[in-house]
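Chemist: Dropping the structure in here first, questions after.
What follows is calculated from the coordinates using simple rules that are stated; it is not laboratory data. Keep in mind it's a predicted model, so treat the numbers as computed, not measured. Cβ atoms come from the backbone with ideal geometry, glycine included; neighbour counts cover every protein chain shown.
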Amino acid sequence: MKYLLILLISLMPVFSYAGEAKDLAEDPVLEKRMIGLAENLRCLVCQNESLASSRADLAKDLRQEVREKMKQGMSDQEIIDFLVSKYGDFVLFDPPMKSYTILLWYGPFALLLIGLAGLVVQLRKRKNAPPETQLSAEQAQRAATLLNPPKDQQT
């Protein structure tokens, strides 16, 4: 009995082996085309994953919708236009250059230039600042007395 249990435990990895995932489309060419297109589309749930790699339910539904559009004979650009009209430019990983996306495209560079300009201004201020002067022994003694008065003078 003990050996049978050991045998079953040692064979568990064999039983749990999952083979390669099968294509969801009957046509492997269509599936490759769908995956190629979905790599350039953003998952609306995950937002940082492509539609092809996301496991969200909405992503699965969108991939199925893309497959159906491909079966209907739509071109890749027509499918992209359809998804953009339905979900907006956010569905694209590379949003197009439009008047309302200029900040998205050039904002990081503008912030970098502003930061560099601020750094240059601060470095020039530091360079033009008057040099620190050394206190004489008498001045240092007077400053110490002013900063730390003797205990009998404190109230």
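Chemist: Output the peptides 79-87, 60-68, 124-132 sorted from most to least packed, where packing is the average of other Cβ atoms within 10 Å over each peptide's residues.
Modeler: Highest mean packing first, the order is 60-68, 79-87, 124-132.
Chemist: Along the charge dipole of the chain, which of ILE102, VAL29, ALA129 sits closest to the positive end, that is, farthest toward it, with unit charges on the beta carbon of Lys, Arg, Asp and Glu (+1, +1, -1, -1)?
Modeler: Positive-most Cα among the choices belongs to ALA129.
Chemist: In debye to the nearest 20, how big a dipole does the chain give about its Cα centre with +1 on each Lys and Arg Cβ and -1 on each Asp and Glu Cβ?
Modeler: Numbers: 19 positive and 19 negative charges, 153 e Å.
That gives a dipole near 740 debye.
Chemist: Which angle between 0 and 90 degrees, to the nearest 10, do you get for helix 76-87 versus the longest principal axis of the chain when only C-alpha atoms count?
Modeler: 60 degrees
Chemist: Non-local amide H neighbours of LEU51 (under 5 Å, H modeled in plane, Pro and chain starts lacking H): which ones?
Modeler: LEU41, ARG42, CYS43
Chemist: Moving on. Could you point to the residue in ASN40, LEU62, ASN148 farthest towards the positive end of the chain's charge dipole, with +1 and -1 charges on the Cβ of Lys/Arg and Asp/Glu respectively?
Modeler: About the Cα centre, the residue reaching furthest to the positive side is ASN148.
Chemist: Grab the Cα-Cα distance for VAL120 and ASN148, subtract it from 0.36 nm times how many residues apart they are, and report the gain in nm with one decimal.
Modeler: Extra length from VAL120 to ASN148 when fully extended: 6.2 nm.
Chemist: Could I ask something else about it? How big is the C-alpha Rg of the chain next to the rule-of-thumb value 2.2 N^0.38 Å, as a ratio?
Modeler: Working: Rg = 34.0 Å, N = 155, 2.2 N^0.38 = 15.0 Å.
Cα-based Rg divided by the globular estimate yields 2.27.
Chemist: If you don't mind, there's one more thing I want to ask. Taking θ as phi - 60°, what are the ³J(HN,Hα) couplings along the range 53-63 by the Karplus curve (6.51, -1.76, 1.60), each to the nearest whole Hz, with x for Gly and Pro?
Modeler: Once rounded to whole Hz, the list reads 9, 7, 9, 5, 4, 4, 5, 4, 5, 5, 4.
Chemist: Would you please put 5-11, 91-97 in order of how densely packed they are, using the mean number of other Cβ atoms within 10 angstrom per residue and starting with the highest?
Modeler: Answer by packing, highest mean first, reads 91-97, 5-11.
Chemist: Just for the Cα atoms in the range 92-148, what are the lengths along the principal axes, largest first, rounded to whole Å?
Modeler: Ordered largest first, the range 92-148 gives principal extents of 71, 25, 16 Å.
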